[in-house]
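First comes the structure, then the notes that go with it.
The values are calculated or read from the model by the stated rules, or taken from the named source; none is laboratory data. Predicted model only: the values in this text are computed from it and were never measured. FYI the Cβ positions are ideal-geometry reconstructions off the backbone, even for glycines, and counts take in every protein chain you see.
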C-alpha cells in the first residue's frame, strides 16, 4: 500500500513539473513569436525547444564568464607588474549618444592606479557599474596596456584563462544573435529579461594578449566600413525582412512591410550591373600599434579594453609604451587618401549607396 501511494505521489509531482515546464515554454512563445517560416523549416516543437533552451544557455554561459573573469583578475594581481598605462576617455551622458564627436580629451593614468582601473574594467559589464547619468547605449572604452614579467608556466596559465574568457564571450554573443532565434529587434528584451542591465558590447569584447613586443603605441581610427554588395544580395535581405512580418518601432508591422516593399521596388528599378556599396560610418575608436623588431612587423589592434602584455623572464626586452594623444577631428592629416568614386544614397537606413 505504501509503495502504491509513493508511486502515485511521484507521478503527480512529475505531471505538475511537466505542466510548469509547458507553461514556461508557452509564455516564451507568446513573447518571442515563432514565425511561420520557423515552423515550416524546423518544425514547431524543435523551434520552440531550441529557443527555450537558449535561455538556460545564456545564464549558464554568463555565469561561467563572470567566474573566469574573476579568475583572470586574481591571477594577474599576483603577477609582477612592469608597467601599466590606461587612458580614461570622457563618459557619454544620456541623450548625447548620437552627437558627432570632434574632440576627445584623454586622461592618462600609470602604475598600480592604472592596473586597478584596468582590471576592474574587464568586469564592468552592467549598467549599474556606471553613474546614473551615463548612457548605456554608447560604448565605454578604456585603451591601455598592462605589462607583466612572467615565467613560462605563468604565461601558460594566463593564456589558458584568457582563451577561456574569450571563448565564453564568443559563445555568449552566438547565443544571443543566433541560438536564441529572436529577431534583432527582440534581442534587447531577450537579454535584459534574464540579465537585467547587461551591457552586451562590454560582455562581447574579447581581451588581446601580447608576448614580448618591443613597443606599444596608441592612436585613433575613424574610417568608414565599406562593403561592396550585389543587387541580388540586397533584394534577398529586403525580402527576408518583408516576409518576417514583424513590427519595427516606431512602425507597425503593416507600415514596416509597406516601407520595405517600397525599398524593394527602388532596388528592382536599378540596372543589373549597378555597383552598390554599404558605407557604414564608424565612430572614432582607439587603437594600439604593436612593433616586433625580431620579425620587423607592426600589428594593429582595436583597443576598447587594455591589452595584456607578457614579457618572459628570459627575455631582455624592456617595454616601450607610448601615450594616447587627444583626438581632434580638424587636425587629422592623411598621408595618402585615394580619390573615391562619387556615390549616391539609395536606402538611408541600410547606408546603401550606388556609384554614379
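Could you identify the single residue in 248, 282, 307, 346 that is under 30 Å from residue 99 (Cβ atoms) and in contact with a helix residue (DSSP H, G or I) (Cβ under 6 Å, 6 or more places away or on another chain)? Talk me through it step by step, then tell me what you get.
Working: 282 fails: in contact with a helix residue (DSSP H, G or I) (Cβ under 6 Å, 6 or more places away or on another chain); 307 fails: in contact with a helix residue (DSSP H, G or I) (Cβ under 6 Å, 6 or more places away or on another chain); 346 fails: in contact with a helix residue (DSSP H, G or I) (Cβ under 6 Å, 6 or more places away or on another chain).
Being under 30 Å from residue 99 (Cβ atoms) and in contact with a helix residue (DSSP H, G or I) (Cβ under 6 Å, 6 or more places away or on another chain) holds for just one of 248, 282, 307, 346, which is 248.
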Contact list, first residue from segment 179-195 and over 20 Å from residue 60 (Cβ atoms), second anywhere and at pLDDT below 75 and surrounded by 13 or more Cβ atoms within 10 Å (Cβ to Cβ), beta-carbon distance below 7 Å, six or more apart or interchain, is 186/32
Which of the numbered conditions does residue 331 fail, given that it passes all the others? Conditions: (1) out of contact with any strand residue (DSSP E or B) (no Cβ under 9 Å at 6 or more places or on another chain); (2) over 30 Å from residue 103 (Cα atoms); (3) without any contact (Cβ under 8 Å) to a residue 12 or more places away in the chain.
(2)
Residue list for segment 276-306, filter: over 26 Å from residue 137 (Cα atoms) and surrounded by 15 or more Cβ atoms within 10 Å (Cβ to Cβ)
276, 277, 289, 290, 291, 292
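For segment 230-349, which fully contained strands (runs of 3 or more DSSP E) count at least 2 residues that are within 30 Å of residue 69 (Cβ to Cβ) and within 25 Å of the chain's Cα centre (by Cα)? Spell out the reasoning first.
Values: elements: 276-280, 285-292, 297-302, 307-312, 343-347.
Of the strands (runs of 3 or more DSSP E) lying wholly inside segment 230-349, those with at least 2 residues that are within 30 Å of residue 69 (Cβ to Cβ) and within 25 Å of the chain's Cα centre (by Cα) span 285-292, 297-302, 307-312.
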Here the residues within segment 247-258 that are surrounded by 16 or more Cβ atoms within 10 Å (Cβ to Cβ) and over 15 Å from residue 350 (Cα atoms) are 257
In segment 91-112, anything surrounded by 12 or more Cβ atoms within 10 Å (Cβ to Cβ) and free of Cβ contacts under 8 Å to residues at least 60 places away in the same chain is listed as 91, 92, 93, 94, 96, 97, 109, 110
Meets criteria (crowded, with 20+ Cβ neighbours inside 10 Å, at positive phi and touching a strand residue (DSSP E or B) at 6+ places or on another chain (Cβ under 9 Å)) for residue 144:
yes
Mind checking which residues of segment 190-211 are surrounded by 16 or more Cβ atoms within 10 Å (Cβ to Cβ), more than 16 Å from the chain's Cα centre (by Cα) and outside any strand (DSSP E or B)?
none
